[in-house]
Amino acid sequence: MDIFLLLEWTIKSVVIILIILGGFAYLTLYERRANARIQTRIGPNRAGPWGLLQPIADAIKLIFKEELIPEKSDKVLFILAPVITVVPAMILLAVIPMGPDILGFKIGLADGINVGVLYIMAVASIAVYGIVIAGWASNNKYALLGGLRATAQMVSYELSLALALVGPIMLANTMNIREIVVAQKGLWYIILQPLGFLIYFIAAVAEVNRAPFDMPEAEQELIAGYHVEYSGMKFALFFMAEYGKMIVICFIGATLFLGGYWGPFVDQVPLLGPIYLFVKVVILLFVLIWIRATFPRIRYDRLMAFGWKIMLPAALFNVVVTAAIVLLLEG
């Protein structure tokens, strides 16, 4: 293998991991400050200028917190569960094109593969195993209940999530994500697929267990769900997985429905591409934060009924209508 190609892949992989790690750290600050604004509070403003060092202070606190492992837990699985949960968030960005080619150099790791959308769905489903293993390995009935609730929720909404991605695939006639972005050069798919984008966004919120779909945390149990027995950096890994997946679903939504890196003058100035993509991701992240600050948690039975009785039929309807329109236009 060409040593320069291997070096390029290594550098790109490190950059992607740093995007997730840095994004996780400062997304927590972004959320706390945005929630404070929405709820007429101040938010973190003591650690560093404007509170910018707050994520670093939180990281130092978590690093030095005592690591506890329950005596009767399955210790191997207990340690492995946070790793299984966080890995998908780290590697999903590999197939997202970050910008157009600049002097023949691709701003992306593996965004040219022909089954990019399939890769996203396959890797995203791995996180379910980490959550159910975390609940079971803790040997705690409340953690197990939280893990089962989260698993049932994620499996249910994955169906709608996958079907929502079928619309852009049919419109672009490819599963190559870079080609889907190029196909949106004239018109974003959110215009052609408003129902598909709405289904994707709602299902993605449920997939990452965010409010108002954070069912693992049940008020009547007064615990944090499947990660109740975790502390220190293991606990931080679960949070890293949640916030990392928030970043990833916003990247995917921006790429498949909002034109990705395309925007005014990208043809003339390719470096504008990553900037446009970053702005779209930040806006979608704010919407996620806004939803958390606005809507109360819904009941679990209603959450599951909403997923199976409303989201899934709506996603199937969107696929059928999109397929019919594509066939009519081609005919």
Scan segment 133-157 for residues that are among the aliphatic types (A, V, I, L, M), crowded, with 20+ Cβ neighbours inside 10 Å and either more than 20 Å from Val87 (Cα to Cα) or free of Cβ contacts under 8 Å to residues at least 60 places away in the same chain (or both) and jot them down.
Ile133, Ala143, Met154
Which residue pairs have Cβ atoms closer than 9 Å, lie 6 or more positions apart in sequence or on different chains, and pair a first residue in segment 86-98 that is more than 11 Å from Leu109 (Cα to Cα) with a second residue that is among the polar types (S, T, N, Q) and not in a helix (DSSP H, G or I)?
Pro88/Ser125
Mind counting the residues in segment 222-245 that are within 16 Å of Ile91 (Cβ to Cβ) and aliphatic (A, V, I, L, M)?
3
Here's a check for you: in segment 1-48, which residue that is at pLDDT below 85 and among the hydroxyl-bearing types (Ser, Thr, Tyr) is surrounded by the most Cβ atoms within 10 Å (Cβ to Cβ)?
Ser13
Please give the number of the condition Gly273 fails out of (1) surrounded by fewer than 21 Cβ atoms within 10 Å (Cβ to Cβ); (2) part of a helix (DSSP H, G or I); (3) over 19 Å from the mean Cα position of the chain (by Cα).
(1)
Those residues of segment 98-155 which are of a type in the set (Gly, Ala, Ser) and more than 19 Å from the chain's Cα centre (by Cα) amount to Gly99, Gly104, Gly112, Ala134, Gly135, Ala137, Ser138, Ala143, Gly146
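Could you tell me how many of the residues in segment 283-322 are farther than 18 Å from Leu198 by Cα, part of a helix (DSSP H, G or I), in contact (Cβ under 8 Å) with a residue 24 or more places away in the chain and not hydroxyl-bearing (Ser, Thr, Tyr)? Working first, answer last.
Let us first name the residues in segment 283-322 that are farther than 18 Å from Leu198 by Cα, namely 293, 296-302.
If we keep only those that are part of a helix (DSSP H, G or I) as well, we get 293, 300-302.
Then keep just the ones that are in contact (Cβ under 8 Å) with a residue 24 or more places away in the chain; that gives 293, 300.
Next, from what is left, pick out any that are not hydroxyl-bearing (Ser, Thr, Tyr): 293.
Going through segment 283-322 one residue at a time, the tally reaches 1.
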Spans of helices (runs of 4 or more DSSP H) in segment 179-257 with at least 1 residues without any contact (Cβ under 8 Å) to a residue 60 or more places away in the chain and either small (Gly, Ala, Ser) or surrounded by 18 or more Cβ atoms within 10 Å (Cβ to Cβ) (or both)
194-207, 232-257
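Which residues, taken from segment 14-55, are without any contact (Cβ under 8 Å) to a residue 40 or more places away in the chain and among the hydrophobic types (A, V, I, L, M, F, W, C)?
Within segment 14-55, the subset without any contact (Cβ under 8 Å) to a residue 40 or more places away in the chain is 14-15, 18, 22, 25-26, 29, 32-33, 36-37, 40-55.
Once the filter is applied, which keeps residues that are without any contact (Cβ under 8 Å) to a residue 40 or more places away in the chain and among the hydrophobic types (A, V, I, L, M, F, W, C), segment 14-55 yields Val14, Val15, Leu18, Ala25, Leu29, Ala36, Ile42, Ala47, Trp50, Leu52, Leu53.
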Checking Ala94 against (1) surrounded by 14 or more Cβ atoms within 10 Å (Cβ to Cβ); (2) over 27 Å from Leu161 (Cβ atoms), only one condition comes out false. Which one?
(2)
The one condition Phe265 fails out of (1) assigned to a loop (DSSP other than H, G, I, E, B); (2) of a type in the set (Phe, Trp, Tyr); (3) without any contact (Cβ under 8 Å) to a residue 24 or more places away in the chain; (4) in contact with a Pro (Cβ under 9 Å, 6 or more places away or on another chain) is (4)
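The values are calculated or read from the model by the stated rules, or taken from the named source; none is laboratory data. This is a predicted model, so every value here is computed, not measured. Cβ: placed from backbone, ideal geometry, glycine included. Neighbour counts: every protein chain shown.
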